[in-house]
Structure formats: structure tokens, C-alpha cells
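Here is the structure we will look at, set down as C-alpha cells.
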Amino acid sequence: MKILKFGGTSVGSADNIQRVKDIIKNQDEQLVVVVSAMGGITDKLIQAASLAADGNEQYASGIDEIVKIHHHTITRLIPDKKDQQEVMEFIAAELDELKSITKGVFLIRELSRKSLESISGIGERLSSKIIASFLKADWYDSRKYIKSFVEYGRSQADLETTNQLLLEVAPKLGQLSLFPGFISSNQKGDNTTLGRGGSDYTASLIAAAFDAQMLEIWTDVDGFMTADPRVISRAYCIEHLSYAEAMELSHFGAKVIYPPTILPVYQKHIPITIKNTFNPEAPGTLINGEKEAPQPRQIKGISSIKNVSLLTVQGIGMVGVSGISMRLFASLAAEEINVILISQASSENSISIVIESAQTGKARNAIEKEFKRELSDKHINSIVIDDQMAVVAIVGENMKHTTGMSGLLFNSVGKNGVNVYAIAQGASELNISFVIKEKDIKKALNVIHESFFLSDYSRLNLFLVGKGTVGSKLLNKIAAQTEKLMKDNRLKIRLIGLAGRDKMILESEGMDASVAIEKLEKEGVSGTVADFRDRIIEMNLANSVFVDCSASEEVAAIYHPLLNANVSVVTANKIASSSSYNTYKTLKNTAREKGVRFFFETNVGAGLPIIAPINDLVRSGDKIVRLEAVLSGTLNYIVNTLSEDKPLSEVIVEAKEKGFSEPDPRVDLSGTDVVRKSLILARESGYCLEETDVQVEPFVPREYLELPSLEEFMIKVKELDAPFEQKRQNALKEGRRLRYGAQLTADGKAVVGLMEVDKSHPFYDLEGSNNIVLIWSEHYFEHPMQIKGYGAGADVTAAGVFADIIKVANV
């Protein structure tokens with residue numbers, strides 16, 4: 001014998017009930033079918049009862065709608081008019097009872113528990129009679145066999161009586177029998193119910209009494225999922241669970257099965273299969289007591305409960321006092337308050353519990369009443385309630401005796417800025433539960449799911465500002481490397497947001513990087529940089545990375561709030577790192593405190609790895625005592641191109657035309673860019689310098705740079721052609737070459753300006769627009785570390801930014 005239970009969605013319409021018939025006709029065994037009310041009917045019944053109790057005549061419209069739904073279902077399922085009439089008469093008693101009770105409630109303006117139990121169970125009585133007629137199954141009234149009593153304000157099944165009555169009816173069952181779920185009766189014969197979700201429990205009680213071979217729960221999902229698929233798009237179906245694992249997942253929010261359902265079949269070793277009415281070919285989830293082969297994953301699933309509050313009772317007067325816990329939980333039980341989670345400090349000075357948010361007022365009053373004397377004497381502090389909380393639980397029997405599970409769990413949520421308020425773990429190691437803010441639940445579930453179920457690859461969520469030369473080339477690289485990154489690095493990069501000067505676009509599931517700019521132009525909405533920042537923080541996605549490919553001071557100003565919201569920052573924009581030392585240090589400290597990354601390798605030398613080696617030296621305990629560097633590809637190109645035939649003014653124009661310089665070459669010629677880069681290197685080397693501490697000599701005299709327009713400058717700079725050529729010739733005669741460089745000495749002095757170097761100096765052979773950095777440290781004192789290469793251009797800058805993004809995932 002098999003017991004098949006079909007939920008409200010599975011029997012929610014005539015079409016769905018036809019699916020139920022198709023499933024049943026493929027079964028060869030003796031079957032007992034248990035059905036819920038049609039989807040949404042129980043809620044409509046309770047709503048109508050509440051309206052009636054309030055004296056609202058609209059209750060009658062609600063009843064009429066319920067009648068209409070069932071009559072419509074009958075006409076759809078049963079085309080023959082005569083057969084329709086028979087079914088209508090079959091359910092007439094239930095409809096008459098419904099109208100009678102609700103009218104009585106309306107007249108006396110009171111909804112007693114007895115009346116509510118009768119009204120809320122009518123949905124199952126109606127659906128079961130209609131479906132039994134359609135399936136030609138023998139109908140049995142569950143109220144005759146499922147007996148219950150009230151304890152702590154809840155209906156509890158009278159297991160002994162129920163089992164005895166079911167055993168009496170067992171020999172009378174035919175090949176196909178049907179029982180309504182959810183409903184029961186007490187010893188007086190009054191209508192009762194088994195609580196929301198009680199149809200599962202009905203099926204379990206019947207399965208246990210009849211020693212069924214299998215209990216199948218047919219619902220609208222493929223089975224237990226690794227996490228809530230509405231939150232985690234990559235959640236997948238769990239093939240097998242133990243009874244204990246299924247119980248834990250159900251208790252902590254997995255709505256697949258009603259928690260009490262498991263105990264009766266567990267005691268009889270009856271397996272449960274969760275199946276999908278709308279995808280019957282799917283294997284579903286098997287729940288039994290058999291030990292499975294060793295699995296690569298230690299946890300089976302993640303569950304969560306929202307709309308809860310954390311209530312904490314704390315006080316040093318609780319330490320060593322026996323009976324505190326007993327009194328606390330007795331006071332809550334007396335008010336029928338269910339405790340979802342308990343966390344107690346080992347010092348005994350605090351107890352935290354999680355309850356439904358709707359019950360916090362009642363819970364506070366009950367506790368304050370029970371501990372009135374202790375509160376008055378200040379032995380217990382005032383009761384603290386944190387609202388808008390959520391409970392997250394990871395479940396799996398393979399966690400037993402496996403080291404590092406808690407570490408992996410709390411590291412994954414912590415580094416993404418999710419604060420844990422309370423933790424509970426039993427000695428069985430089957431479940432680790434913790435309390436967080438409800439606003440963080442999506443992020444927490446995503447990072448946990450990725451850490452435990454998708455740990456063979458990582459995912460980064462990118463938000464990019466800047467669609468110019470560097471930004472567009474970065475998008476091209478992301479698009480071109482997507483497949484390779486997944487294959488070789490097990491890294492999936494999703495472009496979630498893109499923003500330009502005054503437009504932005506965000507898509508939570510990511511967008512194609514190759515067409516993102518076009519998409520921004522067509523579908524982008526108006527928005528400022530601050531708006532983009534707010535949306536990033538509001539989305540609260542795990543492993544978020546903000547990428548700045550602009551040169552905007554406004555964009556640099558949003559780094560701190562983003563880092564503070566646990567969003568990593570990768571930037572090619574050197575404004576933040578070269579601004580005040582306090583700003584620089586605040587950004588670095590915030591990133592460290594929040595466990596996120598602040599990478600700006602391309603601020604100096606474009607794609608050249610300069611900052612990372614300096615960081616490695618400092619972290620290893622080495623001390624950098626001297627730096628020398630050529631950090632402007634533009635100025636190095638100029639000094640390398642100067643000749644008798646190419647005077648300074650012509651080379652400046654050439655550098656501009658080839659894209660080596662800024663649109664206004666005076667930006668490069670001022671030396672400001674080199675000052676900022678050298679400032680960043682000095683700070684990363686451990687020196688506390690401000691921009692005013694750097695002694696700078698511009699490439700050309702300052703009065704030329706201060707001319708009102710670029711046109712005037714380009715005319716007047718010709719005056720420097722002869723002096724520069726003379727300077728070059730003088731250096732050449734002495735076997736030297738001109739270089740525009742930066743120097744940092746051990747006493748913290750920084751100088752930027754034009755210098756002459758001979759053949760023995762590494763700067764001498766520096767070609768084209770290349771950069772070079774020489775690093776002397778206590779370990780590299782005799783022979784400096786030398787880093788040299790192409791240090792300008794959008795391609796190498798984009799490559800450097802891309803490398804920093806990948807580094808975020810690898811760190």
C-alpha cells in the first residue's frame with residue numbers, strides 16, 4: 001500500500017486535479033489518497049469568518065465566491081449534468097453548514113475556537129468529496145478516525161485512539177480510498193484541525209497505522225531544495241535526506257513538509273518521497289533512515305525563517321540562580337508562545353530566544369510579569385527585543401565530527417558584512433543555526449550556498465562606473481574571458497550594474513558585458529553617482545565589487561560608504577589614494593575592518609605589477625628605504641623622441657595625437673600625475689606623506705602651464721624648443737640622457753623633476769613610453785628590485801583592472 005498526499009496547489013484547479021488523476025492511474029498498488037483544500041480556500045474561509053465576527057456583511061460575498069469556485073470545478077471535471085448534480089448534492093451538507101456557522105458568527109459577533117475549527121476545515125471536506133467523485137474513489141471522513149485534543153493552545157493528535165480507529169477501518173479499504181487531510185475531531189465529536197500543514201500529518205498518521213510501503217507527498221516543487229529557490233536561483237533538488245535532516249530543514253522554514261509529519265513514519269521506518277505534481281518525472285527527494293554513501297558535501301540544505309524577533313533576558317543576577325530558564329519558558333508556554341531558537345551564554349548571564357514577531361508584545365508582558373521582583377531589584381536588566389530578524393540554519397548529518405564547518409560558515413557570512421546576533425548548535429552537530437537581520441538574509445543565503453554547494457567555483461558581482469576607453473576595453477575583456485575564467489579559474493563574473501555620467505542600468509541576474517554599453521544607452525535610467533551607490537548598497541549582493549574606470553573626484557568620494565557596506569573596490573582612478581593621507585588611510589582601514597578589498601594597482605604603472613610587490617615586501621617585515629621611478633609614459637616618450645629634427649613643441653603635439661598624453665598635455669607636463677603616483681608608492685611603502693610634502697619641478701616652467709588656453713600654450717611653448725635641445729645636447733656630450741622621474745629617500749623626502757642619468761643607471765635605456773620602478777629595501781639594499789614595462793595605454797590599464805578583479809576572488 002502507498003499513501004499519496006496532494007497539497008492545495010496540486011488540487012487548486014480542475015486542470016490540476018486532472019494531473020492528480022493521471023498520476024494515480026499509473027500506480028499499481030493499493031492506494032490511499034489524502035488531499036488538502038483547494039489552493040487558497042482555507043485562507044478565504046478564515047477571512048470570511050473574521051469578517052463575520054467583525055459584523056461585516058462582506059463575509060457573505062466571500063462565502064459565495066467559495067461556493068462558486070467549487071461549483072465551477074465540478075462542472076469542469078464532470079461534464080455529465082446528472083453526475084454533476086450528484087456531486088453537488090454530495091457537498092451540499094458542507095456548504096449548508098458553512099453558511100449556517102458563518103451566519104451565526106455574524107449575528108453574535110463572536111468567533112469561538114470551536115466555530116473557527118469547523119469553518120477552516122470545510123475546504124478539505126469539499127475538495128475531498130469532489131475529487132473522490134472524480135476519481136471514483138471510496139471517500140472516508142477523517143473526523144471519524146483522526147482524533148485530537150488541545151494542549152498548550154494547540155491541537156495534538158491522540159495517537160493511540162487514532163491508530164486504533166484506523167486499524168479498524170483498514171480491512172474495509174478498496175483499491176482506491178480517499179481521506180480529507182487537516183481535519184479531525186475530539187472525544188466529544190466536535191470538529192477540530194491539526195494545524196496549518198496538517199494534511200501532511202494526516203497522511204503520515206494513516207501511513208503509520210496502515211504500515212504503508214511508502215508515503216508520497218505531492219506538491220508544487222521537485223523536492224527539498226538546497227536553499228529557497230526564490231532567493232537562490234542556483235538552488236537544486238536534494239536527492240536524499242535522513243528523517244532528522246528533513247525534520248530540521250522543515251522546522252527552520254523549508255515549507256515542503258509539515259514538521260510533525262516525519263515522526264509517525266520515522267517510528268515505522270516508512271520512507272517518504274517528495275514529488276512534484278507538475279513535474280512527475282522528476283525523481284524528487286527520498287527521506288528515510290538508510291545511511292548513504294560518503295558524500296563530498298557536509299551539509300544537505302539551508303533553511304531560513306523570516307518575520308521573527310530576538311528577545312534577550314540579561315543580568316548578572318541570573319548567574320548561578322537555578323530555575324531561571326524553567327520560569328522563562330514556563331511563562332512563555334502559558335501564553336502559547338512558540339520558541340524557535342534558544343541561545344544561552346555559558347556564564348548564565350543571558351538567555352536569547354527567537355519568537356514570531358507578532359508575539360513579542362505578549363512575550364514581553366509574560367516575562368516582565370514572571371520576573372517582576374528581579375527586574376525591580378535590577379538583578380535582571382530590561383528585556384531587549386530586536387525586531388526584523390531572521391534565522392538561518394544549515395543542516396546535514398555529515399557535519400558530525402567534521403572540523404572547520406563553523407569556521408567556513410561564519411567566515412563566509414562575516415566577510416560579506418553579515419552580522420551574527422546569536423548562535424545555536426546542538427551536540428549532535430546536525431544543525432548550526434544563527435540569527436541575523438532580515439535585510440541580510442538574501443546575501444547570507446547566497447554566500448553560504450556558494451561556500452557549501454558551489455565551492456568548486458566562485459562568483460563576483462560587478463558594478464562598473466566609466467564606459468570610456470578603459471571601461472569599454474575592460475568590458476571587452478570580461479566578455480572575451482568569461483568561458484576561460486569558468487574553465488580555468490572556476491570564476492564567474494556577473495556584470496550587475498553599469499553607470500556613465502548621468503545614466504545607469506542594473507540587472508540583478510547580470511547582463512552581457514559585450515553589449516552593456518549599448519544596453520545602457522538604450523535602457524539606462526537617469527541617475528547620479530550617489531544614486532548608483534545607493535542602489536548597490538540596497539541590492540546587498542554577496543561578493544560585490546565596485547570598479548571605477550573614471551577619473552572623477554565625485555566617484556572617488558563614494559568608495560568609503562561602499563567599503564563600509566562590505567563592497568570591494570577596484571579602481572584605476574588615483575584621486576582617492578593620492579588625496580589627503582587621512583582619506584587614504586581611512587579607506588585602507590575600512591577595507592581591512594570589513595574584510596573586503598581595496599585594490600588600485602593600476603593607479604601607478606597601468607598594468608605593471610608595482611604596488612603588489614611593495615605590499616609583499618612590507619607585509620614580510622621588510623622596510624623600503626629608497627625608491628626611484630619613471631612613472632609618466634607621456635614624459636618618457638617626449639624625452640626619448642626629442643632630437644635635432646623634432647623639437648619639444650612638435651613632440652608634445654605628437655604625443656597628444658598618438659594618445660599618450662591627456663587631451664590637454666599641460667596635465668602631464670605639470671608633473672602632477674607623477675606626484676600623485678609617487679605619493680601612492682610612498683604611502684604603500686609606509687611613509688605618511690601629503691601631496692604638499694613632495695618637492696616638484698614641472699617639466700616646463702610653471703608660467704607656461706598657467707596660460708589661459710591650450711592654444712596660447714602651444715604657441716608659447718615653442719620658445720622652449722631651443723633651451724630643451726641645448727639641455728639634451730649637453731647631457732648627450734656627457735654620456736647622459738634626460739629622464740623625468742621621482743625619488744623617495746629613507747628620511748621621507750620625495751622629489752619629482754627632470755634628471756640626467758648615465759649608462760650605468762637603469763633609467764638610461766628606458767624606451768618609448770615605458771615605466772620603471774627601482775625599490776631599495778633592507779633586503780634588497782645592494783641590488784634594488786627592478787620593475788619595468790609598458791606603463792601607459794587603455795589596453796594595459798584595462799588588463800590591470802581585470803587582474804585586480806580576479807585577485808578579489810582569489811584573496
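The values are calculated or read from the model by the stated rules, or taken from the named source; none is laboratory data. Everything quoted here is computed from the prediction, not taken from an experiment. Note that we place each Cβ from the backbone using ideal geometry, even for glycine, and neighbour counts take in every protein chain shown. The protein model used for the area step is the full one, side chains on, heavy atoms only, and it has no ligands, DNA or RNA in it. Shrake-Rupley method; radii C 1.70, N 1.55, O 1.52, S 1.80 Å.
Here Gly753 meets the list (1) surrounded by fewer than 19 Cβ atoms within 10 Å (Cβ to Cβ); (2) touching a residue at least 60 places away in the same chain (Cβ under 8 Å); (3) over 21 Å from Ile772 (Cα atoms); (4) more than 47 Å from the chain's Cα centre (by Cα) almost entirely, failing just condition (3).
A quick yes/no check of all residues on (1) more than 47 Å from the chain's Cα centre (by Cα); (2) in a loop (DSSP other than H, G, I, E, B); (3) aliphatic (A, V, I, L, M); (4) modelled with pLDDT under 95:
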residue: Lys716; (1), (2), (3), (4): yes, no, no, no
residue: Asp747; (1), (2), (3), (4): yes, yes, no, yes
residue: Val757; (1), (2), (3), (4): yes, no, yes, no
residue: Tyr764; (1), (2), (3), (4): yes, yes, no, no
residue: Glu767; (1), (2), (3), (4): yes, yes, no, yes
residue: Val773; (1), (2), (3), (4): no, no, yes, no
residue: His779; (1), (2), (3), (4): no, yes, no, yes
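Out of all the residues in the range 237-245, is one or more over 28 Å from Ile340 (Cα atoms), surrounded by fewer than 18 Cβ atoms within 10 Å (Cβ to Cβ), in contact with a strand residue (DSSP E or B) (Cβ under 7 Å, 6 or more places away or on another chain) and not aromatic (Phe, Trp, Tyr)? The answer is no, given that none of the residues of the range 237-245 is over 28 Å from Ile340 (Cα atoms), surrounded by fewer than 18 Cβ atoms within 10 Å (Cβ to Cβ), in contact with a strand residue (DSSP E or B) (Cβ under 7 Å, 6 or more places away or on another chain) and not aromatic (Phe, Trp, Tyr). Against the condition more than 22 Å from Phe224 (Cβ to Cβ), surrounded by 15 or more Cβ atoms within 10 Å (Cβ to Cβ) and either more than 17 Å from the chain's Cα centre (by Cα) or basic (Lys, Arg) (or both), how does Glu429 come out, does it pass? Judged against the criteria, Glu429 is not a match. The single residue among Lys114, Lys129 that is open to solvent by 60 Å² or more (accessible area, probe 1.4 Å) and either assigned to a helix (DSSP H, G or I) or among the hydroxyl-bearing types (Ser, Thr, Tyr) (or both) turns out to be Lys114.
Only a single item in (1) among the charged types (D, E, K, R); (2) in a loop (DSSP other than H, G, I, E, B); (3) under 21 Å from Gly791 (Cα atoms) is not met by Arg626, and it is number (2).
The helices (runs of 4 or more DSSP H) falling completely within the range 1-105 that include 1 or more residues that are open to solvent by 40 Å² or more (accessible area, probe 1.4 Å) and of a type in the set (A, V, I, L, M) map to 41-53, 59-77.
Residue count for the range 786-811 satisfying the condition of being open to solvent by less than 40 Å² (accessible area, probe 1.4 Å) and assigned to a strand (DSSP E or B): 2. Within the range 437-484, being among the hydrophobic types (A, V, I, L, M, F, W, C) and either surrounded by fewer than 20 Cβ atoms within 10 Å (Cβ to Cβ) or over 27 Å from Ala798 (Cβ atoms) (or both) holds for Ile441, Ala444, Leu445, Val447, Ile448, Phe452, Phe453, Leu454, Ala479, Ala480. Output the residues belonging to the range 524-542 that are buried (at least 18 other Cβ atoms within 10 Å of the Cβ) and of a type in the set (S, T, N, Q). Within the range 524-542, just Asn540 meets the criteria.
For Ala212, are the conditions met, namely being within 30 Å of Lys443 (Cβ to Cβ) and open to solvent by less than 40 Å² (accessible area, probe 1.4 Å)? Answer is no for this residue. Within the range 553-580, the set of residues being touching a residue at least 40 places away in the same chain (Cβ under 8 Å) and surrounded by fewer than 17 Cβ atoms within 10 Å (Cβ to Cβ) comprises Ser580 only. Determine if the range 73-88 includes at least one residue that is without any contact (Cβ under 8 Å) to a residue 40 or more places away in the chain and under 27 Å from Asn56 (Cβ atoms). Within the range 73-88, none of the residues are without any contact (Cβ under 8 Å) to a residue 40 or more places away in the chain and under 27 Å from Asn56 (Cβ atoms).
In the range 696-716, the residues that are closer than 30 Å to Lys749 by Cα reach residues that are part of a helix (DSSP H, G or I) and of a type in the set (S, T, N, Q) with C-beta atoms within less than 8 angstrom, at least six apart or across chains, in these pairs: Val696/Thr672. Entry remark, the range 372-428: residues being without any contact (Cβ under 8 Å) to a residue 40 or more places away in the chain and among the aromatic types (Phe, Trp, Tyr) number 1 in total. Which residue pairs have Cβ atoms closer than 8 Å, lie 6 or more positions apart in sequence or on different chains, and pair a first residue in the range 521-540 that is under 18 Å from Met511 (Cα atoms) with a second residue that is at pLDDT below 95 and open to solvent by 70 Å² or more (accessible area, probe 1.4 Å)? Every condition considered, the pairs that remain are Asn540/Lys439; Asn540/Lys442.
Restricting to the range 494-509, name every residue that is open to solvent by less than 90 Å² (accessible area, probe 1.4 Å), in contact with a Lys or Arg (Cβ under 8 Å, 6 or more places away or on another chain) and more than 11 Å from Leu520 (Cβ to Cβ). Result: Arg494, single match. Annotation: Ala606 fulfils all but one of (1) open to solvent by 10 Å² or more (accessible area, probe 1.4 Å); (2) under 18 Å from Thr571 (Cα atoms); (3) small (Gly, Ala, Ser); the unmet one is (1). Checked against the criteria, Lys291 does not count as under 30 Å from Ala358 (Cβ atoms) and either at pLDDT 95 or above or open to solvent by 30 Å² or more (accessible area, probe 1.4 Å) (or both).
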